[in-house]
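Asks: Take this structure first; my questions come after.
The values are calculated or read from the model by the stated rules, or taken from the named source; none is laboratory data. All values derive from a computational prediction rather than experimental measurement. Here the Cβ positions follow ideal geometry from the backbone for every residue, glycine too, while neighbour counts run over all protein chains shown. Each accessible area value is taken on the protein alone, full model and side chains, heavy atoms only, with ligands, DNA and RNA left out. Shrake-Rupley method; radii C 1.70, N 1.55, O 1.52, S 1.80 Å.
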Amino acid sequence: MREMLARDIMMQSESNEADFTKAAGATLARIEQVLEDADLDFETPADGIIEVEFDDGSKIIINRHGVAREIWVAARSGGFHFKPQDAGWFDTKSGEPLYDKLAALIAAQGGVMVRS
């Protein structure tokens, strides 16, 4: 019985991880498209990571964090964690939507307005 429960928990965890990876991948792809549309300089040095570089040399880094099942954003003004909830990603502290926060960070740090 214990083995069955452990196997069920493991299968559920793998399924949740796959769901997270799929959702985070779709979100990161959408962010890449928004950055391209805004003609911003960015790189994807590894799967699940986007680095946006601005004219002053500063960066905003967006990455998928599988262990925490969050999308993390590092900017000059701080670090932010976003959890999937309902149909979006929301800051774990302020509750602000990922796309709104990212647009504000890009505007503040790079002086560029982006549309999500």
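Asks: Just to make sure I understand: if all protein chains stay in place, what is the order of Ser58, Ser77 by accessible area at 1.4 Å, largest first? Mind dumping the intermediate values first?
Replies: On the way: Ser58 20, Ser77 90 Å².
My answer, sorted largest first, is Ser77, Ser58.
Asks: Would you work out which of Ala103, Gly88, Ile31 lies farthest towards the positive end of the dipole of the chain, given +1 charges on the beta-carbon of Lys and Arg and -1 on that of Asp and Glu, about the Cα centre?
Replies: Final value for the positive-end residue is Gly88.
Asks: Further question on the same structure: Taking the 0 to 90 degree range and rounding to the nearest ten, how far is the long axis of helix 2-37 tilted relative to the main principal axis of the chain, both from C-alpha atoms?
Replies: With both axes taken from Cα atoms, the answer is about 20 degrees.
Asks: Tell me whether the stretch 19-76 comes out rounded, prolate or oblate; compute the Cα gyration tensor, take square roots of the eigenvalues as a ≥ b ≥ c, and use a/c under 1.5 as the rounded threshold. Walk me through the numbers before you get to the answer.
Replies: Values: a/c = 2.60, a/b = 1.56, b/c = 1.67.
Verdict is oblate for the stretch 19-76.
Asks: Relative to the longest principal Cα axis of the chain, at what angle does helix 98-110 sit, 0 to 90 degrees, rounded to 10?
Replies: With both axes taken from Cα atoms, the answer is about 30 degrees.
Asks: Compute a Gaussian network model of the chain, connecting alpha carbons closer than 10 Å, and tell me which residue from Gly88, Gly57, Gly25 fluctuates the most.
Replies: Gly57
Asks: Using unit Cβ charges (K, R positive; D, E negative) and no other charged atoms, how large, in debye to the nearest 20, is the dipole of the chain about its Cα centre?
Replies: The calculation lands at about 500 debye.
Asks: A further question follows. Could you please tell me the mean projected area of the C-alpha convex hull for the chain, averaged over all directions and given in square nanometres to one decimal?
Replies: Working: hull surface 32.2 nm².
The number I arrive at for the chain is 8.1 nm².
Asks: Ok, one more. Ignoring everything but the protein chains, give the 1.4 Å probe accessible area of Glu32 in square angstrom, nearest 10.
Replies: Using a 1.4 Å probe on the heavy atoms, I get roughly 60 Å².
Asks: Calculate for the chain the 222 nm mean residue ellipticity that helices alone would give, adding -39,500 (n - 2.57) per DSSP H run of length 4 or more and normalising by residue count, nearest 500 deg cm²/dmol.
Replies: Details: 2 runs with 49 residues, N = 116.
After summing the helix terms and dividing by the residues of the chain, the value is -15000 deg cm²/dmol.
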